[in-house]
Structures are given as C-alpha cells and as structure tokens.
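Below is one structure, written out as structure tokens; comments come after it.
Every read-out reported here was derived from the displayed coordinates using simple, explicitly stated rules and does not represent laboratory data. Fair warning: this is a prediction, and the values are worked out from it, not measured in the lab. For neighbour counting, all protein chains shown are included, and Cβ atoms are generated from backbone atoms with ideal geometry for every residue, glycine included.
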Amino acid sequence: MKNDGHDGKGTYIIILYLDESKRIQIGKLGRFKFKKGYYAYVGSAFGPGGLKSRIKHHIEAKKKYHWHIDYLNPAVKEVWISDHGERLEHEWAGSLGEIASDKIPGFGCSDCSCESHLFYFKSFGFLQDFQKELCKKKHVIIVDSQLKSESKQLPRMFKLTNK
Ligand SMILES: [Zn+2]
C-alpha cells in the first residue's frame, strides 16, 4: 500500500450507496426515483488540479451544487481512481452500462454521447467483479471515503496494484 499516486490526472469512479429509495431532484436534469442500492458514477480529471482536487471536491460536503453528481454527495462511499494517462471514462461508462441493473439517463454526460455516467446496481457483486478487472488492467486505486466528515484532508488511499 502506498500513500501517493493521486496527484496526477486520470479517470475515476465514485461508488455511492442509498440505504432507502428516495426521490431526488438533480438540478435541471429532473427529479428521479433512486432505488435502494449501489451507484457507480464515472468521471475524469485532466484539467488543472487533476485527480487530487477533483476527488476532494466529490468527498467534501457541499452547499452549492455544480455537477449532477453533487446532488448525491451525502451518499458517496468510495472513490476508485486510475492515473492511467488515457481518458477512460466513456469506455468505463460503456462497460458499466452492460453490467448495471439500471442507469439514470443523461446523468453526467452533457458533454459526450454516452447514455449515462451513473449506473445502478442492486448488489455490490457486479461492481466488485468490475473492480477486479480494472485492477488487473490498469492502476486502480481505491479511495476510502469513510473519513470524509472528519476533516478536509484527503482520505486514506489504497493502491491495489503494483504491490
Ligand atoms: Zn461519456
């Protein structure tokens, strides 16, 4: 395990969990019924600040919502990042779409041709398999966000490859 690797640029998946079904307004996109279960959101950070500042944004509690995913901020449980130099978000969104139980149409993909960047999973099993595949292929790091309410520091990082 290493405690670095998140300063670069790359692609990430945010894992969210809702412990009950609820209706949530996602800005102008509309109001959706979110079922109880797991959600995976795909994004990328290739701009200034890279993954570090982006992940910090996703993990911190917020008063203002900028992106669709900000509306689900309280449900963020875990972040998986890849500092692979290629943009993998649309490829990952495609793969997740094939194994997901459902998806939220138009979510997080106003700038691309994907159907969605947010996927619903009734159980964690398929996501776990997907994570294993990613770890085999790319340098995926799991960010444990259990500490997110405690401080403004970035949470612990777990590097799962290159051990
Ligand atoms: Zn896309």
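For the reader, a short list of remarks on this structure follows.
- The protection proxy used here, the mean number of other Cβ atoms lying within 10 Å of each residue, ranks peptides 37-46, 107-116 as follows, highest first: 37-46, 107-116.
- Hull shadow area, averaged, the stretch 67-129 [alpha-carbon convex hull, nm²]: 4.9
- Diffusion coefficient, µm² s⁻¹, Stokes-Einstein with Kirkwood Rh over alpha-carbon pairs of the stretch 10-159 at 25 °C and 0.890 mPa s: 159
- Pairs of alpha carbons in the stretch 97-136 whose separation is greater than 15 Å (percent): 46
- Cut-off 20 Å (backbone N to label point 7 Å along Cα→Cβ of residue 84), residues of the stretch 102-137: 112-119, 126-137
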